[in-house]
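This report refers to the structure that appears directly beneath it.
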Amino acid sequence: MITIKCKLVAVQEGQYTVYVFDNLNHVSSSMDKYIMCTKLPNWEYHTPLNVGDIGYLQYEYVEAGSMYYDRNTGASVPYKYSNFYFLNFLKEVPRDETNKDYKF
């Protein structure tokens, strides 16, 4: 599992939603300036993402043939494709200087 600070720059909606994130952690010589990852159709994520959102992305690389539990069928099945898969995104919350207790 990988976590990066990033900005959402593009979305392709569909059964398999594809996100493109600008990696804000990259260094100028890195090849990972942009991260493209896929949200699988059985992955429940209820917070709407909008182009321009900045936050923290969790994703993972999966090899085709690796097994996962499909809760819709109750069976373990293999991934069909190698890909980067979306796990979670936490939007960055602006720091409130008046909140000295740092409660959210």
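Quick notes
- Within region 68-104, the residues that satisfy the criterion of being of a type in the set (S, T, N, Q), at pLDDT 75 or above and out of contact with any Ser or Thr (no Cβ under 8 Å at 6 or more places or on another chain) are ASN72, THR73, SER76, SER82, ASN88.
- In region 53-81, residue farthest from CYS6 (Cα to Cα) [restricted to those that are part of a strand (DSSP E or B) and small (Gly, Ala, Ser)]: ALA75
- Among the residues of region 82-95, just one is closer than 17 Å to MET36 by Cα and assigned to a loop (DSSP other than H, G, I, E, B), namely SER82.
- Counted residues, region 31-52 - those being part of a loop (DSSP other than H, G, I, E, B) and more than 14 Å from ILE4 (Cα to Cα): 14
- Residue count, region 35-65 (criterion: farther than 17 Å from VAL18 by Cβ, touching a Ser or Thr at 6+ places or on another chain (Cβ under 9 Å) and either in contact (Cβ under 8 Å) with a residue 40 or more places away in the chain or not acidic (Asp, Glu) (or both)): 3
The values are calculated or read from the model by the stated rules, or taken from the named source; none is laboratory data. It should be emphasised that the depicted structure is a prediction, and the values quoted were computed from it without experimental measurement. All Cβ positions, even for glycine, are placed from backbone atoms using ideal geometry, and neighbour counts span all protein chains on display.
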